[in-house]
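Have a look at the structure below before the remarks.
Where a number appears in this text, it was derived from the coordinates with a stated rule and is not lab data. Since the model is a prediction, treat every value here as computed from it, not as a measurement. We place every Cβ from the backbone using ideal geometry, glycine too, and count neighbours over all the protein chains shown.
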Amino acid sequence: MPPAVRQIGGYFLWALGLIVAAATLYEVGQVAHQPILLPAGIGLALALALIRYSLRWGPRIMAWRRERARRIAEYPKIEAKATQLNADIAEFQTRLEAMRIRGDRRYQAGVREGHAQVNGARLAARVKEMPTIEGVTMTGERVQLRCRRAGVEPIAINTRFFLLVTWTGQPLGVVSITSLSDDGVTLTAEPVEEIDEPFWRALKQRADHDFAPPHGVGLAPYRVATLVDAQQLAEPVHEILREEDTQ
């Protein structure tokens with residue numbers, strides 16, 4: 001027999017059973033002079049159906065109540081985690097803003113240094129005879145070179161020179177003219193780039209008591225570097241990250 005026919009037959013028998021049960025209740029009520037028997041039977045059947053339906057949903061309701069109780073119990077922990085997460089986000093945003101500010105400052109400092117390099121090289125190109133170093137001294141934590149102008153051409157403040165080993169040409173650093181005497185003959189130069197750190201460390205250690213000029217060292221015209229490698233470009237970012245980690 002096809003499944004559709006069996007299903008229709010089952011529905012038919014179920015409906016027929018309901019009709020027979022209702023007719024039976026009606027006839028019994030008439031014989032017993034109890035016409036309420038049929039409505040009572042229908043009400044009882046409805047009550048049994050509702051009870052059976054509620055038993056089906058009972059485990060789900062209990063599971064929902066247990067889950068709700070668990071969430072209520074864990075709510076303080078979740079709230080504490082959310083508070084900590086918000087604090088971490090706020091701290092990250094603060095650090096990010098601090099990094100942005102430091103990055104902006106480094107960028108501005110780099111722009112100023114670039115302008116100073118170009119201007120220092122332009123002024124150095126006007127100097128025909130290099131100044132001579134006559135002595136050294138310490139001002140605070142900065143070493144100063146006392147120089148004397150060799151030619152008649154004036155040397156302007158912010159003029160830059162390379163400090164070199166005279167017999168090898170080894171670069172030791174870059175100095176910039178920071179002040180002049182009234183007649184413009186005596187110059188004061190301070191380092192703006194210390195290439196050979198051991199040289200400058202030794203010079204600073206003795207500059208507070210030995211004012212003699214460094215032996216075998218002279219000045220040369222400053223020129224701006226035309227190439228900057230990727231590592232030098234990345235150094236400011238690395239320094240910002242290192243500073244952030246140490247705070």
If we scan the range 172-183, do we find a residue that is among the hydrophobic types (A, V, I, L, M, F, W, C), in contact with a Ser or Thr (Cβ under 6 Å, 6 or more places away or on another chain), assigned to a helix (DSSP H, G or I) and at negative phi?
no
Can you name the residue in the range 151-209 that is of a type in the set (Lys, Arg) and surrounded by 15 or more Cβ atoms within 10 Å (Cβ to Cβ) and, of all such residues, is nearest to residue 110 (Cα to Cα)?
160
For the range 128-144 the number of residues that are under 47 Å from the mean Cα position of the chain (by Cα) and over 17 Å from residue 172 (Cα atoms) is 5
